[in-house]
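Presented below is the structure to which this report refers.
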Amino acid sequence: MKANLVAIDLAKSVFQVCVLALGKIMFNRKLSRDQFTLWLAQLEPTVIAMEACATANFWGRKMQAAGHTVRLIPAQHVKAFCRVHKTDRGDALAILEAAQRPNMHFVAVKTMAQQDLQLLLRMHERLIGQRTELCNQLRGLAGEYGVYFPPSRAGLIAQASAVIEASGGALSPIARGALVAALEELRTVDQRVVETVRQIAQLGAQDPAYERLRTAPGFGPIVAAKFLAAVGNGAQFERGRNVSAWLGLVPRQVGTGGKVVLGHITKNGDRSLRTALIHGARAVVRWAHRGKDAKSQWICDLAARRGRTRTIVALANKLARIGWALVHGEAEYAVERAFRPRRENAAA
C-alpha cells in the first residue's frame with residue numbers, strides 16, 4: 001500500500017518512522033541507520049515530513065533525489081502537537097500532525113552550495129570569537145606587568161612584538177615567552193580569518209544573487225553570504241515582509257478583545273543573520289547624514305522622528321525585504337525604488 005504521508009523523527013543512529021496511509025497509521029517504529037537507508041530506498045515517492053534539525057538537510061536532499069516531496073517543519077511548530085510525555089513515538093506523531101495543518105510554513109531544504117556557505121560562516125564566527133579572546137587575553141596579561149599594546153586589533157598584531165621587545169625588565173622570561181607564543185597564535189588565527197573570508201566571497205560569487213546583494217547598502221561579503229545561505233532563492237516566502245518577520249525584525253503583537261499592543265521585536269528565526277543585518281544597518285545609519293540620495297533622506301527623517309536605535313532596526317527590516325527582492329528576482333538594486341518617500345512628503 002502506498003503511503004500518503006511519512007513522518008520521521010531524526011537522530012544520530014535511530015530513526016522513528018511513522019507512516020500514514022488512507023487516513024490510518026500503518027506503523028510507528030524505530031529503525032537503525034542501515035535499516036532506515038534500506039527502507040527509504042524501497043519507499044515509493046511520497047510526502048515525507050521531518051523536523052528542521054541536525055542532518056535534516058542531508059536527508060532532505062537525498063529524499064528529493066529519490067523523487068519524494070520533503071517538508072521540513074520548524075521545531076517550535078512541532079512542539080505544539082506533542083503529547084504529555086517526551087518519546088520518539090510521540091515526536092513522530094507530532095511531526096505527522098503538524099505536517100497536515102493548513103498554512104504551516106515549511107523550511108526549504110538547503111542546497112549543497114548553501115550548506116557549504118553555512119559551514120564556512122560557522123567556522124568564521126568561531127575564529128572571530130577566538131581572535132577576540134586572544135586579543136583580550138594578551139592585553140589583560142600584559143597589563144599586569146605594566147605593558148600596554150595599541151588599542152586597535154591591527155595595531156596589536158603589527159606592533160606587539162616591538163612592544164614586548166622594548167619592555168625591558170618589565171616582563172619576566174616566563175611572561176615574555178608566554179606572550180610571544182600567544183601572539184603567534186593570534187596571528188595564525190587572524191590569517192585563518194582572512195582565508196575563510198576569501199573562501200566565503202569566492203563561493204558566494206558563484207551565485208549571481210550574491211553580486212546583486214553586494215550592491216545593496218549594508219550587505220558586505222559576510223552579510224550577503226549569510227543571507228544567501230539562510231534564504232537561498234527566497235521561493236519559500238511569498239513576499240519580503242515575510243522574511244523580516246521570519247528573522248524576528250517585526251514588533252511582537254499581543255491582542256485581546258480587539259485591542260492590539262505592539263512591543264519589542266520578536267527576535268525569532270536565524271539569530272546570526274538578524275545580528276548581521278542590524279550591524280549592516282548600523283554602519284549605513286552612521287554615515288547617512290553625509291548623503292543626499294533617497295536612502296539617506298529616508299534614514300535622516302526616520303531618525304529625527306523615532307530615534308537612532310529604532311531607525312537601525314527599521315533599516316535592518318527594510319534590508320531583509322530588499323535582500324529577498326534581489327535573490328528572488330533578477331532585478332538590480334535601485335535606491336529610488338527601495339526608499340520611496342512617505343506619501344505626505346511626496347504629495348507636498
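Any read-out appearing in this document is the output of simple, stated calculations on the displayed coordinates, not a laboratory observation. Computed from a prediction, not measured in an experiment: that's the story for all the values here. All Cβ positions, glycine included, derive from the backbone under ideal geometry; neighbour counts span all protein chains shown.
For this structure, a couple of remarks:
- When the C-alpha to C-alpha distance is required to be over 22 Å, the pairs from K86/K226; K62/K86; K12/K110; K2/K110; K24/K110 that qualify are K86/K226; K62/K86; K2/K110; K24/K110.
- The W287 and A66 beta-carbon pair, evaluated with R₀ = 56 Å, returns a calculated FRET efficiency of approximately 0.65.
- Paramagnetic label reach from Q100 (point 7 Å along Cα→Cβ; backbone nitrogen cut-off under 19 Å): within region 35-72, residues 46-51, 69-72.
- Computed magnitude of the charge dipole of region 85-153 (debye, nearest 20; Cβ of K, R +1, Cβ of D, E -1): 100 debye
- Two-site label geometry, A80 and L141: point separation in nm, points 7 Å out along Cα→Cβ: 5.1 nm
- For the chain, size of Cβ-based charge dipole, Lys and Arg +1, Asp and Glu -1, in debye: 1240 debye
- Debye log10 I(q)/I(0) for the chain, one point scatterer per Cα, at q = 0.08, 0.13, 0.14 Å⁻¹: -0.57, -1.10, -1.16
- For R33, neighbours were defined as the other residues whose beta-carbon sits under 14 Å from its Cβ, and their charges (Lys and Arg +1, Asp and Glu -1) total +1.
- The calculated 222 nm mean residue ellipticity attributable to helices in the chain amounts to -18000 deg cm²/dmol, summing -39500 (n - 2.57) over DSSP H runs of n ≥ 4 and dividing by all residues.
- Packing order of peptides 317-327, 18-28, highest average first: 317-327, 18-28 (average count of other Cβ atoms within 10 Å over each peptide's residues).
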